[in-house]
Amino acid sequence: MKIVIFGSGYVGLVTGACLSDVGHEVVCVDVDAGKVAALKRGEVPIFEPGLAEMIARNIRQSRISFTTEAAPAIEDAELIFIAVGTPSNEDGAADLKHVLNVAAMIGDNLSHRTVIVDKSTVPVGTADKVRATIAARLKERGVDVAFDVCSNPEFLKEGNAIDDFTRGARIVVGTDSEAVREAMRECYAPYNRNHDKLMFMGVREAELTKYAANAMLATKISFMNEIS
């Protein structure tokens, strides 16, 4: 599949590397020209065991590339992952400006049916905002392009991210569309062969699942600290 990933941070790089490693054609888009130039040279800005080697291998085999140009990347993408940061505002709420900026960029350039995948950690209801933003930009352009938005939260631990991606216990996808289910099955098929790890649910349920997992982890850590 032809896959575009917006955001070359922790989640975006691990996702792009792992998907390219099983044969998908991946383009990672980032606004930071310096980071993109470094990645093209094989210099990975984060430390994650095995990641640099995986990226270098797939650069050599022309399965992963890096760019600052969104339009050419979107042109023939089958899946578009949004994996940009969602830092906390002063009130603790997630800042969605980067996510919605990417959504606007997609709406400005989309010309064919595709699936937009929310990979960033986002509050419940974000997929609706992404969908509305893209639809508004398409309307401004005066074009009618069908698209789908689904939620596919990540469950990666620093230091073990590649193993979590490739051998994780679950792959959560939030969608009500059978076409999206088929596309995501194709995307994750190489990592879903031994037993079916795909868990399909509603979009909002998938968004909530990520926060539930984070809250459970925080609870476990707090409990262990209290006991110790």
Which of the residues spanning segment 138-160 are under 22 Å from residue 3 (Cα atoms), of a type in the set (D, E, K, R) and not in a loop (DSSP other than H, G, I, E, B)? 148
Condition met for residue 42 (assigned to a loop (DSSP other than H, G, I, E, B) and over 12 Å from the mean Cα position of the chain (by Cα)): yes
Quick check on segment 168-188: of everything there that is free of Cβ contacts under 8 Å to residues at least 24 places away in the same chain and exposed (fewer than 13 other Cβ atoms within 10 Å of the Cβ), which residue is nearest to residue 84 (Cα to Cα)? 182
Exactly one of (1) in contact with a Leu (Cβ under 6 Å, 6 or more places away or on another chain); (2) of a type in the set (Ser, Thr, Tyr); (3) open to solvent by 40 Å² or more (accessible area, probe 1.4 Å) is unmet by residue 62. Its number? (1)
Filtered residues of segment 26-36 (kept if open to solvent by 40 Å² or more (accessible area, probe 1.4 Å) and either assigned to a helix (DSSP H, G or I) or hydroxyl-bearing (Ser, Thr, Tyr) (or both)): 33, 34, 35
Could you say which residue among 50, 23, 42, 12 is open to solvent by less than 10 Å² (accessible area, probe 1.4 Å), touching a residue at least 12 places away in the same chain (Cβ under 8 Å) and among the small types (Gly, Ala, Ser)? 12
Check off (1) in a helix (DSSP H, G or I); (2) more than 17 Å from the chain's Cα centre (by Cα); (3) touching a residue at least 24 places away in the same chain (Cβ under 8 Å) for residue 73 and give me the number that stays unchecked. (2)
Residue 114 being β-branched (Val, Ile, Thr) and either at pLDDT below 95 or over 26 Å from residue 186 (Cα atoms) (or both): no
Does residue 211 satisfy the condition of being aromatic (Phe, Trp, Tyr), open to solvent by 60 Å² or more (accessible area, probe 1.4 Å) and either assigned to a helix (DSSP H, G or I) or in contact (Cβ under 8 Å) with a residue 40 or more places away in the chain (or both)? yes
Where residues in segment 99-122 are in a loop (DSSP other than H, G, I, E, B) and polar (S, T, N, Q), which of them is most open to solvent (accessible area, probe 1.4 Å)? 111
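For (1) more than 17 Å from residue 175 (Cβ to Cβ); (2) under 15 Å from the mean Cα position of the chain (by Cα); (3) among the β-branched types (Val, Ile, Thr), each residue gets a yes or a no:
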| residue | (1), (2), (3) |
| --- | --- |
| 88 | yes, no, no |
| 92 | yes, no, no |
| 97 | yes, no, no |
| 105 | yes, no, no |
| 108 | yes, no, no |
| 113 | no, no, no |
| 119 | no, yes, no |
| 125 | no, no, no |
| 130 | no, yes, yes |
Which of the residues belonging to segment 123-137 are in a helix (DSSP H, G or I), touching a helix residue (DSSP H, G or I) at 6+ places or on another chain (Cβ under 6 Å) and surrounded by fewer than 20 Cβ atoms within 10 Å (Cβ to Cβ)? 137
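The values are calculated or read from the model by the stated rules, or taken from the named source; none is laboratory data. Values in this document were obtained by computation on a predicted structure and should not be read as measured data. Note that each Cβ is placed from the backbone with ideal geometry, even for glycine, and that neighbours are counted across all protein chains shown. Areas reflect the complete protein model, heavy atoms only, side chains present, ligands, DNA and RNA absent. Shrake-Rupley method; radii C 1.70, N 1.55, O 1.52, S 1.80 Å.
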